[in-house]
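Right, one structure below, let's go through it.
The values are calculated or read from the model by the stated rules, or taken from the named source; none is laboratory data. On a predicted model such as this, the values are computed, not experimentally measured, just so you know. Please note: Cβ atoms are built from the backbone with ideal geometry, for glycine as well, and neighbour counts cover all protein chains shown.
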Amino acid sequence: MEFPRLRNARRPLLAGTALAALAALAPGALAVAPAGLPSPEKGLNLLVVGVDSRKGVTPEEKERFHLGGKGCDCTDVMMLVHVSAAGDRVSVVSLPRDSLTSFPGGHVDRRTGKTHAAHRAKINGAWAEGGSAFTVSTVEAMTGLSVHRYLEIDFRRFMDTVDGVDGGVPVCTEQPLKDPSTGIDLQPGTKRVTGGEALQYVRSRKADGQMDFGRIRKQQKFVVNTLHRLHDGVLDDPRRLKALAATLRGTAAAERGISTWELLRLAVRLRDLPPERTEFATVPVRGFHAPIEGVGSTVGWDEKGAGEVFRRLAEDRPLPAAAAVAPSEVPAATYRPATGSSLICP
C-alpha cells in the first residue's frame, strides 16, 4: 500500500521522480524496502521522542554546550504526530515529560532485570524502565490511540541532523533568552543556530518563566523552522535528503521504529504541505499534583480536554479550538493550538 497522497496535480510526478532518484542512490532499495508506511483509515500516528542521552557527545561538546552531568536516560521530548489519511494535514501534540501516569505491574525493568509491581510514575520514565516498547504502550494507554511508528532521537543524532542543514536553523525570541542551565544566551530577534546551540535552545526551560511548557513551545517552533529550512534545497536533493534521514533515524532497533526509507517516503509525500496545514499543541493540562514520594512533582492532564483532543485525532479531524477546552490552573499550560505558519521565525 502507498501512503495517501495530497490532492495536488503535481504530486504524483514530484513524488515518483524523487522516489526514483532515491532508489538510484541505493540500488536494490526498492526490492528490500517496505511497500510503504501503514495507511490506516483514520490516519497515521508517529511517536517522536527525544532521549536525554549523551552517548557519543565529546567532552569538548559537553563543556561548550553545558551538557555536563549524567543523562537521565528518559524521554524529555514526547510528540505525538498525526498525519491525516488524506495527507492534507499534520497535527502535533506534545506530552509534558512530567505527566503523571500509572505503570502496570509485571513488566521487567531493563536496567535492573527486576519485575515491577504497578506503580505511579512520570511518563518520561517509561523509556528508562522498559525502552521503546514500554514507551509506546504507555502512550497508547494514556491517549487511547494506536502508535503506528516510533522515532527516537538522542543528543548526538539531534546535533548531527541540525548540522546537516546548510546555514543552520532559525530561532527567534521577542525577549532576551538567557538560561544558565543550558548556556543559551539570545538577544531579541532571529538567529540561525547549528547543532550544539540548537540543543541548548530546545532544552531551555528556565529563561522565560514558562517552565517545561515554554520549552515545549520552543521545541515545536524549532520543528517548524527546521522543516521550513529543508525546502531550501534539501527536499529537492535526493542524496542530501537520504543522508539527513539516515542521520536522524540512526541504527538502533526500536519497537515499531520508522525506517530511513519510510522517513524518506513521508518527506516526499508531505513535501508540498504548506505550514498552515500543520497544527501544534500541548495536551490540555489541569494543574500540578502534590509531590509523590519516589516520583516528585507531576503534571495532571485535563481529562475532559485531553479526551477531546485524542478523540479528534482518532476521528482524523483537526484539533479542537482553544475555546473548546477549559483554561488550565497553570496559565503557561493553557491549551493554545497554533498553526505551523504562525511559528515560523521572521
Show the residue pairs that are 6+ apart or on different chains and have beta-carbon atoms under 6 Å apart, the first residue being within the stretch 170-181 and closer than 13 Å to Lys206 by Cα, the second being among the acidic types (Asp, Glu) and assigned to a strand (DSSP E or B).
Lys178/Asp185
Sort out which residues of the stretch 47-69 are touching a Gly at 6+ places or on another chain (Cβ under 8 Å) and small (Gly, Ala, Ser), and write them in order of number.
Ser53
Scan the stretch 182-191 residue by residue and report those that are in contact (Cβ under 8 Å) with a residue 40 or more places away in the chain and more than 13 Å from Cys345 (Cβ to Cβ).
Thr182, Gly183
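Let's see how each residue does on (1) under 28 Å from His289 (Cα atoms); (2) of a type in the set (Val, Ile, Thr):
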| position | (1), (2) |
| --- | --- |
| Lys122 | yes, no |
| Thr138 | yes, yes |
| Leu151 | no, no |
| Phe158 | no, no |
| Gly189 | no, no |
| Val193 | no, yes |
| Tyr201 | yes, no |
Positions within the stretch 156-213 being modelled with pLDDT under 90 and in contact with an Asp or Glu (Cβ under 6 Å, 6 or more places away or on another chain), in sequence order
Arg205, Lys206, Ala207
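Pick from Arg265, Arg277: which is at pLDDT 95 or above and buried (at least 17 other Cβ atoms within 10 Å of the Cβ)?
Arg277
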Residue hits (the stretch 233-277; free of Cβ contacts under 8 Å to residues at least 60 places away in the same chain and among the hydroxyl-bearing types (Ser, Thr, Tyr)) are Thr251, Thr260
Against the conditions (1) buried (at least 20 other Cβ atoms within 10 Å of the Cβ); (2) in a strand (DSSP E or B); (3) of a type in the set (Val, Ile, Thr), where does Val202 fall short? Just the number, please.
(2)
Checked the stretch 116-140 for anything part of a helix (DSSP H, G or I) and free of Cβ contacts under 8 Å to residues at least 40 places away in the same chain; matches are Glu129, Gly130, Phe134, Ser137, Thr138, Glu140
Tell me which residues, restricted to the stretch 176-230, are polar (S, T, N, Q) and within 25 Å of Glu279 (Cβ to Cβ).
Thr190, Ser204, Gln210, Gln219, Gln220, Asn225, Thr226
Only one of (1) surrounded by 13 or more Cβ atoms within 10 Å (Cβ to Cβ); (2) at pLDDT 95 or above fails for Ala332. Which number is that?
(2)
Taking Arg97 and the conditions (1) surrounded by 19 or more Cβ atoms within 10 Å (Cβ to Cβ); (2) outside any loop (DSSP other than H, G, I, E, B), which numbered condition does it fall short on, given that it satisfies the others?
(2)
Within the stretch 2-78, helices (runs of 4 or more DSSP H) holding 1 or more residues that are at pLDDT 80 or above
59-64
